[in-house]
Amino acid sequence: MKRREFLTLPGSSLGGVLLYTLAGEPVRMQAQTGEIKVPLRFFTSAEARVVQAACDRIFPSDASGPGATEAGVVIYIDRQLAGPYGRDKYRYTKPPFVESVPEHGYQGKAAPREIYREGIQKLGDFASLAPAARDEKLRGIETSTFFRLLRQHTIEGMFSDPLHGGNAGMIGWQLIGYPGPRMSYREEIDKAPGQAYRQKPASLAQIVGHPVTGWEDEKG
């Protein structure tokens, strides 16, 4: 039986994130102080720390607002790699494997989880490096498939619906002023004429009024 791996994160960064107990029961985290051990589905704890450190340099927190660490982006990536996307369930994976134009997308043989495992290994002791050294190491791989995936997933984890594991507490949406996936604003039109519209963000589950499952939780 495989030993369960965990990543320790600040409790304040997990508000709104959907996690699962060891029995597979969904639990919606509430923002809190202290630290929380988050169960990992794909990464080892050491791998998760490397990915978290790399995402933090791609989308760092600064004076304008929170970054990848606060949004729980590493949890988003862990969930995606553990699910059907990570094992290339829906991508055509037969040869020939070629380098093509960007419009064709990735045409290689390795699945996303394999790309990550190889990329993390090349980063080595990345999590122990100073910020400047981390940036230098990332610049050295910025043309690689791994870095392109990591950057893409960092952005996705910042701004996707919290049901996928990132955007904790909808802090990414608060950062850009996105109100959530609302179908209509008809009821809001006449409430404050002449004033800027500043609707508080709401997740898909909050809008539809019942739990919503992401494709990373697909069985089989």
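The values are calculated or read from the model by the stated rules, or taken from the named source; none is laboratory data. Note that the structure is a prediction, hence the values are computed from the model and not measured. Reconstructed Cβ throughout: ideal geometry from the backbone, glycine too, with neighbour counts over all protein chains shown.
The listed residues are GLY172, GLY166, GLY180, and the only one of them that is touching a residue at least 60 places away in the same chain (Cβ under 8 Å), in a loop (DSSP other than H, G, I, E, B) and in contact with a helix residue (DSSP H, G or I) (Cβ under 9 Å, 6 or more places away or on another chain) turns out to be GLY166. Screening GLY86 against (1) over 12 Å from the mean Cα position of the chain (by Cα); (2) assigned to a helix (DSSP H, G or I); (3) not polar (S, T, N, Q) leaves a single unmet condition, (2).
Using the structure shown, decide if GLY140 is in contact (Cβ under 8 Å) with a residue 24 or more places away in the chain and out of contact with any strand residue (DSSP E or B) (no Cβ under 6 Å at 6 or more places or on another chain). For GLY140, the condition - in contact (Cβ under 8 Å) with a residue 24 or more places away in the chain and out of contact with any strand residue (DSSP E or B) (no Cβ under 6 Å at 6 or more places or on another chain) - is not met.
Check whether at least one residue in the range 131-149 is at pLDDT below 95, in contact with a Ser or Thr (Cβ under 6 Å, 6 or more places away or on another chain) and either crowded, with 17+ Cβ neighbours inside 10 Å or over 21 Å from GLU70 (Cα atoms) (or both), and report yes or no. No. What are the residue pairs meeting all of these: first residue in the range 96-118, first residue at pLDDT 95 or above, second residue of a type in the set (Phe, Trp, Tyr) and assigned to a helix (DSSP H, G or I), Cβ atoms under 9 Å, and 6 or more apart or on different chains? Going by the 9 Å Cβ cut-off, the qualifying pairs are ILE115/PHE146; TYR116/PHE146; GLU118/PHE146. Restricting attention to the range 79-89, the residues being in contact with a Gly (Cβ under 7 Å, 6 or more places away or on another chain) and either among the charged types (D, E, K, R) or over 23 Å from MET170 (Cβ atoms) (or both) number 1.
Of everything in the range 42-75, what is within 18 Å of LEU175 (Cα to Cα), in contact with a Ser or Thr (Cβ under 8 Å, 6 or more places away or on another chain), outside any loop (DSSP other than H, G, I, E, B) and not acidic (Asp, Glu)? Give them in sequence order. Matches in the range 42-75: CYS55, ILE58, ALA68, THR69, ALA71, VAL73.
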